[in-house]
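Shown next, in C-alpha cells, is the structure this report addresses.
Here, each number is a calculation from the coordinates, and none is a lab measurement. Because the structure is predicted, anything quoted here is derived from the model rather than measured. Quick reminder, even Gly has a Cβ in these numbers, built from the backbone with ideal geometry, and neighbours come from all protein chains shown.
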C-alpha cells in the first residue's frame, strides 16, 4: 500500500517563539530525518506541543527558520507541507460519519484533482482496514470509544497521503490498557510504512518504548536529543535523568573515591580519587545492592515497605537521617535475602546514574 | 359565526394586508437576526476585547426593556429628525411609519434569542476542528460551510424560530414606529386590538385563529428541520 511519497527532511534553525513574556520555544534547532519516529518529551509547559504546531504550520513563530526538504516552509500551510496532524482530542467532525470524516481531506480537493467517488470509497475502506475498524464506517464519532476515535483521527490524517505525521499527545486521554495496545500498534505501523512521525508525550515510558529518537524538552529548550538508550543511560543533566524514570538523590561529600553520606562512606564504582568536594549523587532504584551484613561502605536503613507485585520488587527504605530510598530488586534477589518490613538492612551502590558537583561554600 | 363569515373576516383585504405585513416583517427580521446574531455570538465567544462583558450583558437588553419604551425610543431615533433618521433621510430612506421601521423594531427585540441559543453551541465547539479541517486542505469557505455551519445550524434554526415567533406576536415596540395605517403599516396584533376596541370579539377571534394556524404550521416545520439537522450530532 503506497502511503508514502518521496523522502522528506525537516529542519528547524534557531526557532524562537514567545507568548507574551513566556518563552515557548527558546532557540530550538533540530533536524528530523526521513522515516524516523521521533518523540518530543517534556513536562507540561515545556514547549513540546508548540514545537509540533510550529512544524505543522499551525502556529507562527517569531524568529528562525523551518525548512522542509531544504526549502523555507514559513508561508506554506499545513497540508501544503505534506503534514498530517492528529489532534490531542481527535477533533473529529461530529456531524459526519466515520466514513465522511476520513473522506473529508479527499472531498475538499479541487474538482480537477479530486478522485472519483469510487476511488474515494476504496481509499477510505483501505484506511479503515489499516486501522482495523471497517465495521465502524457508518457510525458517528460520538458512538465510538476513545481508542477507536484516536485511530479514526489517524486514518483521516493519512487519507491525504502526508509525508510526515504529527501526533499531539496521541494516547494522552486513553485507558492504560488501550494506550499500551495503541502504542504497540503505532510502532508496528511505523515499522511497516516508515512514514516520518513525530509525537508529543509527557510519558517517558511511552517515549522510551516507541520512539527511534527522543527529544527531551524543558522550558522551551531542547535539553537532550538521542536514542532512548542514550537518553536513558547517558543523561546530560539531572533534569533528563529525573524525567526519565524514578531516581534517588543524595547530598554527599566525595573523598578518596568514596561518597560520604552521614557516617557511611559508599564505594562509587568508576569514581577516581580527587580532592574532597560536595556533590549530588543520582541513583536509579535498580542500582542498589541490599544486604543484611554490616559494611562500612553501606548505608544503614530500615525497610518500610516491600511490594513484590510486579516484574520487579519495589522496596521503600528509610535511612538513619530520615531520607526515603526507592530500591528495585529482582524476585530472585528477594527470595535470597527474604527481607521484611521493619528490618534493618545495609545498602550499597552497584552503580551511579549521574554525579553532579556542587560548588563548595567557603 | 359560520364558516363563511369566518372566511370572510380572515380574507378581507385589510386582514390579508395585515397578515402579509406581520409575516414578512417578522420573517425578514428573523433573517437579519440570523446573520447579526451569528456574528455577535461568534465575536462574543471567539474574541476577547475590552468591554466584552458589558456587550455580553447588553445582548439581553431588549428582553429587559419594556417594549413600549423600546418602541418610543426607536421611533424617536428613526423619525426624520431623529439621531438615525436624519441620516437615513439624506439617503432618501424613510424608516419610521413604514414596514422598514417595523422590521427594525422586530430585529431589535429578536436579537437576544438568536445570540443566546447559538452562544453555548459555539462555546462547546472545539476550535481544533477548524484547524483539523484546514490541515486536511479545506479552505476557509469549505471549513465554514462543511464543518461549522452544519454543527451550529440546528441551534441557529431554533434561535431564528424563537425570534420569528416573538416578532409575530410583538405589539408594544411596533405600534409606535409603525404608524398603523390600515392596509400599509397595520400589523395583525394591532388589528386584533382594533377589533376588540370596536367590541367585534368574534372578528378578533377569527383573525387570531388564522394567525394561530399559520404560526403553528411554520413553527412545526421549523422544528421538523431542527430535528432533521440535529439528529446526527449526538449528545451535546
>> Quick check on the range A:130-190: take the gyration tensor over C-alpha atoms, sort the square-rooted eigenvalues as a ≥ b ≥ c, and tell me if it's rounded (a/c under 1.5), prolate or oblate.
In response: oblate
>> Over all directions, how big on average is the projection of the convex hull of the alpha-carbon atoms in the range A:10-243, in square nanometres?
In response: 13.3
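Taking the beta-carbon count within 10 Å as an exposure proxy, list B:42, A:135 from fewest neighbours to most.
Values: B:42 16, A:135 9.
With the sparsest Cβ surroundings first, the list reads A:135, B:42.
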> residue A:16 label point, 7 Å along Cα→Cβ, cut-off 18 Å on backbone N: hits in the range A:35-49?
Replying inline: A:47
> Using only the Cα atoms of the range B:120-221, what do you get for the radius of gyration and for Dmax, in Å?
Replying inline: 21.4, 67
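Determine the shape class of the range B:71-188: with a ≥ b ≥ c the square roots of the Cα gyration tensor eigenvalues, call it rounded for a/c under 1.5, and otherwise prolate if a/b is greater than b/c, oblate otherwise.
Working: a/c = 3.33, a/b = 2.22, b/c = 1.50.
Verdict is prolate for the range B:71-188.
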> For labels at residue A:280 and residue A:112 in the simple 7 Å Cα→Cβ model, what's the distance in nm?
Replying inline: 6.1
> Pairing the Cα long axis of helix B:99-124 with the longest principal axis of chain B, what angle in degrees results, from 0 to 90 and rounded to the nearest 10?
Replying inline: 30
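Calculate the FRET efficiency for residue A:246 and residue A:297 from the Cβ-Cβ distance with a Förster distance of 25 Å, rounded to the nearest 0.05. Numbers along the way, then the final one.
Working: r = 24 Å, r/R0 = 0.94.
About 0.60, to the nearest 0.05.
With the Cα gyration tensor of chain B giving a ≥ b ≥ c as the square roots of its eigenvalues, does the rule (a/c under 1.5 for rounded; else a/b larger than b/c for prolate; else oblate) give rounded, prolate or oblate? Before the final figure, lay out each step's value.
Numbers: a/c = 2.57, a/b = 1.54, b/c = 1.67.
Taking the square roots of the gyration eigenvalues as a ≥ b ≥ c, chain B is oblate.
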>> For the range B:110-167, I need the span (max minus min coordinate) of the C-alpha atoms along each principal axis, in Å, sorted largest to smallest.
In response: 42, 18, 14
> What percent of all Cα-Cα pairs in the range A:58-100 falls in each 5 Å bin, counting up from 0?
Replying inline: 5, 16, 21, 19, 14, 10, 8, 5, 0
>> I need A:263, B:170, A:304 ordered by Cβ neighbour count within 10 Å, fewest first.
In response: A:263, A:304, B:170
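When the Kirkwood radius is taken over all Cα pairs of the range B:33-97, what Stokes-Einstein diffusion coefficient follows at 10 °C and 1.306 mPa s, in µm²/s?
Numbers: Rh = 13.9 Å.
D = 114 µm²/s.
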> So how far apart, in nm, are the two label points at residue B:46 and residue A:337 if each is 7 Å from Cα heading toward Cβ?
Replying inline: 6.3
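Just round it to a whole percent: the fraction of Cα-Cα distances in the range A:39-156 exceeding 22 Å. All intermediate terms of the calculation are to be shown ahead of the outcome.
Numbers: 3190 of 6903 pairs.
Counting pairs separated by more than 22 Å, the tail of P(r) holds 46 percent.
Partner chain Cβ atoms within 10 Å, averaged over the residues of B:135-146 - can you pull that number for me? The partial results should precede the final answer.
Details: counts 19, 18, 13, 6, 3, 0, 0, 3, 1, 0, 0, 7.
So the per-residue partner count for this stretch is 6.
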> Relative to the longest principal Cα axis of chain A, at what angle does helix A:98-107 sit, 0 to 90 degrees, rounded to 10?
Replying inline: 70
> Hey, rough spin-label estimate for residue A:356 and residue B:181, points 7 angstrom out along Cα→Cβ, what's it come to in nanometres?
Replying inline: 8.7
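If I take every Cα pair under 8 Å that is 6 or more residues apart in chain A, average their sequence separation and divide by the length, what percent do I get for the relative contact order? Display every interim value, and only then the final one.
Numbers: 737 pairs, mean separation 58.8, N = 362.
With pairs under 8 Å counted, the relative contact order is 16 percent.
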>> Based only on Cα atoms, what mean projected area does the convex hull of the range A:90-153 have, in nm²?
In response: 4.2
> Helix A:176-193: angle to the longest alpha-carbon principal axis of chain A, degrees 0 to 90, nearest 10?
Replying inline: 60
>> Whole angstrom only: what separates the Cα centroid of the range B:124-166 from the Cα centroid of the range A:275-321?
In response: 60
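First obtain the Kirkwood hydrodynamic radius of the protein assembly as shown from its Cα pairs, then insert it into the Stokes-Einstein equation at 20 °C and 1.002 mPa s, and state the resulting D in µm² per second as a whole number.
Details: Rh = 30.2 Å.
Taking Rh from Cα pairs, D becomes 71 µm²/s.
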> Calculated from DSSP H runs of 4 or more alone, at -39500 (n - 2.57) each and per residue, what is the 222 nm mean residue ellipticity of the protein assembly as shown, nearest 500?
Replying inline: -14000 deg cm²/dmol
> If you rank A:343, A:126 by fewest surrounding Cβ atoms within 10 Å, what's the result?
Replying inline: A:343, A:126
> So what's the range A:248-358 giving for Rg/Rh, alpha carbon basis, Kirkwood Rh from the mean inverse pair distance?
Replying inline: 0.97
>> For Cα pairs less than 8 Å apart in space and 6+ apart in sequence, what is the mean separation divided by the residue count of the range B:70-208, i.e. the relative contact order in percent?
In response: 30
> Can you give the FRET efficiency for residue B:63 and residue B:141, using 1/(1 + (r/R0)^6), R0 = 25 Å, r = Cβ-Cβ distance, to the nearest 0.05?
Replying inline: 0.15
> Which residues in the range B:36-72 have a backbone N closer than 19 Å to a point placed 7 Å from the Cα of residue B:91 along the Cα-to-Cβ line?
Replying inline: B:36-37
